[in-house]
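Report on one structure; see the data block that follows.
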Amino acid sequence: MDNTLEPWEIPGAQPLIEVRGVTKRFDDVPAVDDVSLDIYPGEFFALLGPSGCGKTTLMRMLAGFEQPSVGHIFIDGQDMASVPPNQRAVNMMFQSYALFPHLSVWDNIAFGLKRERMPKDRIAARVEEMLKLTRLEKFARRKPHQISGGQRQRVALARALAKAPKLLLLDEPLGALDKKLRQDTQFELVDIQESTGTTFVIVTHDQEEAMTVATRVAVMDEGKLMQVDTPAQIYEQPNSVYVADFIGDVNLIEGRVSAVSPVTELSWGEGRAPVAGQAGGVLSLGASATFAIRPEKIAISRHAPDTRNRVQGTVLDIGYLGNLSTYHVEVGKGCVITCEVGNRSRLNRRDFTWEDKVWLSWSDDAGLVLPS
């Protein structure tokens, strides 16, 4: 891949946003806890985590609505400590969109430009540019209540981009949309971000949304950064059990490290063969660890496969999701492993059904052994 698309890997690249040792406390309780982070020009960066993890507080500090209790935030090399929100090269798009109901789409987009007393001809040209960018030309004279939720979302985006900010903050921008529209709009957001080159930072609790739109994702929990990486790395190489469990579906098997070379092995039950996988951290013999493997990386068969990683069980539940079938297989008392099989053709019957005895198997590099 061309490294120009990955500025965080280029030595000496200058970040647009530098967060340095930032902590934010409310009543002595840290909402953001000693966070350091670089975000580069042109990135679509996602802050991802459950409610209360600190992602919105961190975004509000970037916007200037909150001040760090400790630490510093730099935007384009300037310390933001004494810079009020209205003097930052930052705009924010709120979850509610906050459109003016009495103004047309055109006037909503023009609102910030008029407040800056931009000449009328330049306002008109900029609004037309934003209407074209967001494919809203036909709706310019309508009021917000006369257009759909997805169109209102694009109006809010156009208004936020009209002032050409260096940084656009998006607070759960797709939360009010239904699932199908949200999926479509995710790709529209990516296209618009790439067209403008503006740095986007999105706050979301939706894993799929973050993984779809972002160049990099910061997974947060209890005010701390758990992992910052590309979506592919976050999914395939989580650095902890928390990240593995939070992102996508995963099987987690607890045990103790029984070998570290040439592959890492985990003993996980009396009378069971160890499972093998890649080391996902620093591990030592006898240490508690967790084996993590995604359901789609597990094969299901009726006969015992010729592979190291295999376990027999009974089909407990089956879920048909259209594009794939999910099998929950009980492989021991209280231990259920989930596997997914793609439905590549139209079949009148399943290969396996409830109560069938089956074998689950996977390759040595399909799973990770993570420190507990």
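Structure notes:
- Pairs linking a residue in segment 237-266 that is more than 13 Å from S284 (Cα to Cα) to a residue that is part of a loop (DSSP other than H, G, I, E, B) and not small (G, A, S), with Cβ atoms under 6 Å and 6 or more positions apart or on different chains, are A244/P238; A244/V250; V250/R294; I253/W268.
- When S301, S258 are checked against the criterion of being more than 17 Å from W362 (Cβ to Cβ) and either in the same structural domain as A366 (by TED's automatic domain parsing) or in contact with a strand residue (DSSP E or B) (Cβ under 8 Å, 6 or more places away or on another chain) (or both), a single residue qualifies: S258.
- Of the criteria (1) in contact with a strand residue (DSSP E or B) (Cβ under 8 Å, 6 or more places away or on another chain); (2) within 24 Å of E270 (Cβ to Cβ), which one G334 fails: (1)
- The condition of being over 24 Å from the mean Cα position of the chain (by Cα), touching a residue at least 12 places away in the same chain (Cβ under 8 Å) and buried (at least 19 other Cβ atoms within 10 Å of the Cβ) does not hold for N343.
- Annotation note: Cβ proximity below 8 Å between a residue of segment 295-321 that is closer than 19 Å to G248 by Cα and a residue that is in a loop (DSSP other than H, G, I, E, B) and of a type in the set (A, V, I, L, M) (sequence gap 6+ or interchain) occurs for P295/V250; K297/A366; I298/A366.
- Single match in Q193, Q227 (criterion: out of contact with any Ser or Thr (no Cβ under 6 Å at 6 or more places or on another chain) and either acidic (D, E) or without any contact (Cβ under 8 Å) to a residue 40 or more places away in the chain (or both)): Q227
- In segment 326-339, the residues that are closer than 14 Å to E355 by Cβ and assigned by TED's automatic domain parsing to the domain that holds K297 form Cβ pairs under 7 Å with partners that are among the aromatic types (F, W, Y) and at pLDDT below 95, at six or more places apart or across chains, as follows: Y327/F352.
- Only one entry in G54, G77 is surrounded by fewer than 20 Cβ atoms within 10 Å (Cβ to Cβ), in the same structural domain as V217 (by TED's automatic domain parsing) and on the phi > 0 side of the Ramachandran plot, namely G77.
- Number of positions in segment 315-370 that are closer than 30 Å to S288 by Cβ and either basic (K, R) or not in a strand (DSSP E or B) (or both): 7
- Residue in segment 84-91 that is touching a residue at least 24 places away in the same chain (Cβ under 8 Å), in the same structural domain as K132 (by TED's automatic domain parsing) and basic (K, R) present: yes
- Residues in segment 133-183 that are modelled with pLDDT of 90 or more, part of a helix (DSSP H, G or I) and surrounded by fewer than 17 Cβ atoms within 10 Å (Cβ to Cβ): E137, K138, H145, Q146.
- Within segment 279-292, residues that are under 9 Å from P371 (Cα atoms) have Cβ atoms under 8 Å from residues that are of a type in the set (K, R) and not in a loop (DSSP other than H, G, I, E, B) in these pairs: A287/R256; S288/R256; A289/R256, counting only partners at least 6 apart in sequence or on another chain.
- Subset of segment 10-33 (residues that are closer than 20 Å to F74 by Cα, loosely packed, with under 14 Cβ neighbours inside 10 Å and not aliphatic (A, V, I, L, M)): P11, G12, Q14, G21
- Identity of the residue in segment 298-314, aliphatic (A, V, I, L, M) and assigned to a loop (DSSP other than H, G, I, E, B), that ends up surrounded by the fewest Cβ atoms within 10 Å (Cβ to Cβ): A304
The values are calculated or read from the model by the stated rules, or taken from the named source; none is laboratory data. Treat the numbers as computed from the prediction; the structure is a model and nothing was measured. Cβ coordinates were reconstructed from backbone atoms using ideal geometry, including for glycine residues, and neighbour counts include every protein chain displayed.
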